[in-house]
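Have a look at the structure below, then the notes.
Please treat every number below as a calculation from the coordinates, not as lab data. It should be emphasised that the depicted structure is a prediction, and the values quoted were computed from it without experimental measurement. Neighbour counts run over all protein chains shown; Cβ positions are idealised from the backbone, glycine included.
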Amino acid sequence: MKKLITVIMLFLSFAVAGAGASYAAVDARIDDLIITDSPVFAVSFAVKNAFTKEIEEAIKSGVPTSFKFIIKLSAVNSLWFNDEIAIKEFKHTVKYDTLKEEYEIILDENGAPVRTKDFNEMKTAMTMVSVLPIETRPELSKGVVYELKLMAELRTVKLPFLLDYMLFFVKYWDFDTGWHTHRFTR
């Protein structure tokens, strides 16, 4: 109960301090894209500029926060719609345990939670995707132009009704990177 009261007080102080402030859009973007095709098709990338001061403070106060990643792979068709080959969606979720002073990061693509006390290590784990295999059916053909689209969305986890009502300003921290598009030929 004491922990809940502490979290509520922190959020109320954020609301009062930020009531007159405008919440500028985050300039987050997908960067450092690497595509590998051997032995399987896989992607690696990072999300840059994903953390604002408000998001960092919310995470440090214990608000669970998720990055949802969406990856779409299509064969480009100049005369008609592109042929969608694969779609992959997954999340990275972080929750700070204020008692243990430890971040727990759940990476959907790995399954096992990662725990760290280092804030920068948590930020790296939340924003990096390393050698993620994408199952493609049919297999990619030589000479065909493909389009890879990636997007990351940051969403604070849905809070219980009363807290969600009281902490209405948290929704202003949600953002997405917009689609990052990369065309390539195998």
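Structure shown: which of Lys48/Lys142; Lys72/Lys142; Lys68/Lys142; Lys88/Lys123 lie over 28 Å apart, alpha-carbon to alpha-carbon?
Lys48/Lys142; Lys68/Lys142
Ranking of Glu104, Glu89 by neighbouring Cβ atoms within 10 Å, starting from the fewest: Glu89, Glu104. Could you tell me which of rounded, prolate or oblate describes the range 42-98, using a ≥ b ≥ c as the square roots of the eigenvalues of the alpha-carbon gyration tensor, with rounded for a/c under 1.5 and, failing that, prolate when a/b is larger than b/c and oblate otherwise? Taking the square roots of the gyration eigenvalues as a ≥ b ≥ c, the range 42-98 is prolate.
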